[in-house]
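J.: What follows is a single structure, and I will ask about it in a moment.
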Amino acid sequence: MKSEHRHELKTNELAEWLQYLPQWAHKNLTTIIYVSAVACLVAAYSLWYYHQKSTAPTKRQFELTSLIRQLPYNRRQILRAQSEGMDISYTLIQAADNLQAAAQNIKDDLVAASALIKGADTLRMELHSRPAAISREDAVAQIDRAKTTYSQAIERAKSNPSLAAAAKFGLGLCEEEIGNFAQAQQVYHDIATNPAFECTTAAAQAKIRLDSIAQYQQEVVFKTPAHRSGAATTPMESEPQIEPNSPDLNAE
């Protein structure tokens with residue numbers, strides 16, 4: 001009896017609650033709408049967040065791939081513009097900036113390292129693409145930036161000998177391009193003798209570089225610009241310039 005009595009009481013309570021539900025809902029309509037709207041927003045945001053979280057890495061890698069594929073097109077544009085007397089080599093600096101920004105937004109260390117290496121390569125490419133003579137000060141400043149980017153790539157590529165060796169090889173090229181041949185040889189020697197890099201492409205390239213570096217090691221060529229009047233300048237008045245076709249800038 002007691003069990004049946006309890007069941008009857010619960011049934012009566014439910015019937016009474018259902019009887020007054022329309023009145024309660026009408027009285028609390030604003031609250032119901034507000035709570036329902038908040039619940040819908042929370043559910044929608046949760047779905048959007050998890051979707052973004054799952055697709056963001058793929059999206060970033062796609063953007064990175066697009067940036068890298070754009071580089072040959074940028075290079076052709078620069079050459080075409082030079083044939084028409086224009087210099088748009090600065091577009092490569094923009095490309096390098098975009099690659100570095102992409103690397104900062106990528107959590108995968110190996111993908112980020114690849115982006116950084118390509119960004120540093122692009123900074124060096126920009127120097128080679130300038131049609132006019134380059135002052136040593138400008139060259140050193142840009143090479144220093146490339147060296148910093150290669151160093152960042154080495155940090156991100158610690159678990160991948162191939163990428164780490166490629167970044168270190170880039171550091172050697174940087175030293176060559178500003179005439180620091182002794183430092184470049186040391187970098188190449190370190191790569192060639194590092195057992196961790198033994199089977200990498202960069203190790204083979206470093207050995208070739210060590211064998212051939214003496215053949216093209218030369219002093220940096222300085223260009224003395226003339227006065228606007230056409231008269232020659234004195235050494236104190238001249239600004240040192242690196243010729244764009246000098247071996248230390250074009251060695252690859």
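The values are calculated or read from the model by the stated rules, or taken from the named source; none is laboratory data. These numbers come from a predicted model, not from an experiment. Every residue, glycine among them, receives a Cβ derived from its backbone with ideal geometry; neighbour counts consider all protein chains shown.
Okay, residues lined up against (1) in contact with a Cys (Cβ under 9 Å, 6 or more places away or on another chain); (2) within 22 Å of VAL187 (Cα to Cα); (3) not small (Gly, Ala, Ser):
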site	(1), (2), (3)
VAL111	no, no, yes
SER114	no, yes, no
LYS118	no, yes, yes
LEU127	no, yes, yes
ALA133	no, no, no
ILE143	yes, yes, yes
ALA146	yes, yes, no
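J.: Considering only residues that are surrounded by fewer than 19 Cβ atoms within 10 Å (Cβ to Cβ) and outside any helix (DSSP H, G or I), which ones fall in region 180-205?
T.: The answer is ASN180, ASN194, GLU198, CYS199.
J.: From the list ALA113, ALA132, ALA101, ALA81, which residue is surrounded by 22 or more Cβ atoms within 10 Å (Cβ to Cβ) and among the small types (Gly, Ala, Ser)? Outline the logic, then answer.
T.: On the way: ALA132 fails: surrounded by 22 or more Cβ atoms within 10 Å (Cβ to Cβ); ALA101 fails: surrounded by 22 or more Cβ atoms within 10 Å (Cβ to Cβ); ALA81 fails: surrounded by 22 or more Cβ atoms within 10 Å (Cβ to Cβ).
After applying the criteria, what remains is ALA113.
J.: Between residues in region 135-161 that are charged (D, E, K, R) and residues that are surrounded by fewer than 18 Cβ atoms within 10 Å (Cβ to Cβ) and assigned to a helix (DSSP H, G or I), which pairs lie under 7 Å by C-beta distance while being six or more apart or on different chains?
T.: Hits for this filter: ARG156/ASP109.
J.: Here's a follow-up. Considering only residues of region 84-98 that are among the aliphatic types (A, V, I, L, M) and farther than 13 Å from GLN142 by Cα, which is surrounded by the fewest Cβ atoms within 10 Å (Cβ to Cβ)? Even if it seems obvious, please write down each step before you answer.
T.: Residues of region 84-98 among the aliphatic types (A, V, I, L, M): 86, 88, 92-93, 95-96.
Restricting the remaining residues to those that are farther than 13 Å from GLN142 by Cα gives 86, 88, 95.
Values: MET86: 11, ILE88: 14, ALA95: 22.
Per the stated criteria, the residue is MET86.
J.: I would also like to ask the following. Which one is nearest to GLY170 (Cα to Cα) among residues in region 102-145 that are at pLDDT below 90 and under 8 Å from the mean Cα position of the chain (by Cα)?
T.: Here the answer is ALA103.
J.: How many of the residues in region 129-145 are part of a strand (DSSP E or B) and hydroxyl-bearing (Ser, Thr, Tyr)?
T.: Keep residues of region 129-145 that are part of a strand (DSSP E or B), which gives 134-135.
The next check asks that each one be hydroxyl-bearing (Ser, Thr, Tyr); those that pass are 135.
The total comes to 1.
J.: Considering only region 159-179, I want to know if a residue exists there that is closer than 25 Å to LEU92 by Cβ, modelled with pLDDT under 95 and not in a helix (DSSP H, G or I).
T.: yes
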